[in-house]
Amino acid sequence: MKSPLPWDLPRLVMRRSSLVGVVAVALALLLGVTRTNDAVEEEVAAAATLADLVAHLAGLTKLDERAAIETLRRIESEGPLRHLQVDISTTNGRRIFSSGSDTPAALRRIAQWHREAFDPPKHQPVSWTIERELDGPWTVTLSASTEGELQEAVQDMAGSLLIMLGCIAGLLAVMRWNLLLAFKPLSTVLDAIQAIERQDLKPVQSLQNMPVRELECIAAALRHLAMALESAEAARRTLSQKVYTLQEEERAHLARELHDELGQRLTTLRFNTAWLSRTLSDRPEALAVVSSMSDRCAEIQLDVRHLLDRLRPLGDKSHDGGSAALTSGQLLDILGELVASWQRTQTGTQFAFDHGGIDPQARLPREVALAVYRLSQEALTNASKHAHATRVELRLSLDLQQREGGSSLHWAVEDNGGGIEQADAAQQRGNGLVGMQERVWSLAGRWLMSPGAEGKGLLLEAQLPLPNGQAPLTSGGC
């Protein structure tokens, strides 16, 4: 069964936020019903208290002042009055009783602020006189009161505010939860993007399905980009390899032309000088000139032979045109001769070649061997002519960490010269570093350029992968 598409983020947030809204509305309705029931009960209690108070006012005529006040307090304690204020005072203005005297000070301040801010209309109080037997008459005054309504309004407003704050907090919590769940895989997407910058497409190709549609679209675009980049990289590597193949074929063709044409002419010229030497044996002056010509021809032949070795270091390909493999020993001999030739010409620089642990009988792909030779040729040339180094070391070894698809050959050239301050600028000047890096890249290898030991000189490294099924290059088991 096909899995359903993931929710998009806005719909997911609204879906869960609506649930919080429903809960908030339900709480508001519950609070409203509860407050309505309480208000009805309070209104009924206040009406009963008012009726009881009015009924007892007539009986105050025979009670002394203390008993009368206690009676009134008892009646008020059974149920406070609402919307009405009862005041009892003597004829000289002394207040004996006032309902609502236990009203909280904060509520009285709110009522005072309400009267000052909104100036509610004044209602005419109702007063009458109660004759008393023990002392003078009392005046009873009933006036409208806002404290009760204000208290109820404040309670309702506080309840609504709490519900609103709870709803807002719930919505924020739901949105935060949704966003955390939705963007939790975003870190893997960012790591994949950074991996693309490092030309590593594996994190992109291993991206899992995202929980929201927006991130899934981004992940799908990255996967498509990775496929396109991988295809473009493969095509570019193939093209680069073809270019280097054409270069080597052109060099091989040039080497054959030099060998066939120039070699034959030099051989003929040496035969001629030999004949002249025999003919002019009785003329010492001419014989010296002819002998010098013969020596120069031999030197030219030697130079041509060295040039042919540099143009065609691994010899000709197999007769069927394929890329014939060769042994590691052949490559080591060629590299040893290359290092020795630089040692002969550069007396102020010490050259070293380290290849410990490599089995001379192991087979090595021709393109890898040729790349190692060209890299060594270029690196030794740069170190000798530009680095002003006193020591240059060429190292070749097998990387003990097995790569995907087989082992890898580790190549390195290190010198103690002046180094390179700005690698990017040096590559733009076209001193061979770009070509070396491109050659390594064409074989799907890794290229690294860093300062040498103790921060001096330059260290060039390349990791060249070997194809599947390639025999190990070490004499022992890895």
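The values are calculated or read from the model by the stated rules, or taken from the named source; none is laboratory data. Given the structure is predicted, the values throughout are model-derived calculations rather than measurements. Don't worry about glycine lacking a Cβ; one is built from the backbone with ideal geometry, like all the others, and counts go over all protein chains shown.
Here are the numbers:
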quantity: Sole exception among (1) surrounded by fewer than 17 Cβ atoms within 10 Å (Cβ to Cβ); (2) touching a residue at least 12 places away in the same chain (Cβ under 8 Å) for residue 340, by number; calculated: (2)
quantity: Per-region count, the stretch 191-203, residues over 17 Å from residue 233 (Cα atoms) and either surrounded by fewer than 11 Cβ atoms within 10 Å (Cβ to Cβ) or polar (S, T, N, Q) (or both); calculated: 1
quantity: For residue 385: the one exception among (1) among the charged types (D, E, K, R); (2) within 26 Å of residue 311 (Cβ to Cβ); (3) modelled with pLDDT of 85 or more; (4) out of contact with any helix residue (DSSP H, G or I) (no Cβ under 7 Å at 6 or more places or on another chain); calculated: (3)
quantity: Test: residue in the stretch 223-243 that is free of Cβ contacts under 8 Å to residues at least 12 places away in the same chain, out of contact with any Gly (no Cβ under 7 Å at 6 or more places or on another chain) and under 30 Å from residue 14 (Cβ atoms); calculated: yes
quantity: Some residue of the stretch 353-372 being modelled with pLDDT of 90 or more, crowded, with 20+ Cβ neighbours inside 10 Å and in a strand (DSSP E or B); calculated: no
quantity: Residue among 67, 26 that alone is modelled with pLDDT of 80 or more and under 26 Å from residue 163 (Cα atoms); calculated: 26
quantity: Residues (of a type in the set (S, T, N, Q) and either over 22 Å from residue 306 (Cβ atoms) or not in a helix (DSSP H, G or I) (or both)) located in the stretch 259-279; calculated: 272, 277, 279
quantity: Residue count, the stretch 61-98 (criterion: closer than 19 Å to residue 125 by Cβ and among the aliphatic types (A, V, I, L, M)); calculated: 6
quantity: Of all residues in the stretch 70-85 being in contact with a strand residue (DSSP E or B) (Cβ under 9 Å, 6 or more places away or on another chain) and of a type in the set (A, V, I, L, M, F, W, C), the one that is modelled with the highest pLDDT; calculated: 72
